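In what follows, a structure is listed as structure tokens, so that the remarks can point back to it.
The values are calculated or read from the model by the stated rules, or taken from the named source; none is laboratory data. Nothing here was measured: the structure is a model prediction, and the numbers come from that model. Neighbour counts are summed over all protein chains in view; Cβ atoms, including those assigned to glycine, are modelled from backbone coordinates with ideal geometry. For the accessible areas, the whole protein counts, side chains as well, though only heavy atoms, and no ligand, DNA or RNA atoms are used. Shrake-Rupley method; radii C 1.70, N 1.55, O 1.52, S 1.80 Å.
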Amino acid sequence: MKKKSIGISLEDEQMARHIALLVQKASKYESAIYIQSGDRKVNAKSIMGMMTLGMDISENLEISAEGSDENEAIEGIADFLEGLEE
């Protein structure tokens, strides 16, 4: 299992759209991928799970992945989230 912590800073009005795109991105990987915020950890491939995570506008997240493409999954999800700030 691989893990990576990142900080995000997003605009609130775009949060639902960003979450939908994140779920689409995560679903392209074979590995199980999870996003953790505080004590809550959810499946990154679940739109309902991600919506209930309640990500704040500025927050630290931990991404974890386990499976055959876990390295690519971690980097792909981290790059996606970090790219949302641009």
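Step by step: first the residues of the range 18-43, then only those that are among the small types (G, A, S) and assigned to a loop (DSSP other than H, G, I, E, B), then the one that is least open to solvent (accessible area, probe 1.4 Å). Which residue is that? Before the answer, list the steps.
Here is the first cut: in the range 18-43, the ones among the small types (G, A, S) are 20, 26-27, 31-32, 37-38.
Restricting the remaining residues to those that are assigned to a loop (DSSP other than H, G, I, E, B) gives 31, 38.
Numbers: S31: 1, G38: 59 Å².
Looking at the filtered set, the residue picked out is S31.
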Quick one: in the range 48-77, which of the residues that are surrounded by fewer than 16 Cβ atoms within 10 Å (Cβ to Cβ) and within 14 Å of Q24 (Cα to Cα) is modelled with the highest pLDDT? M48
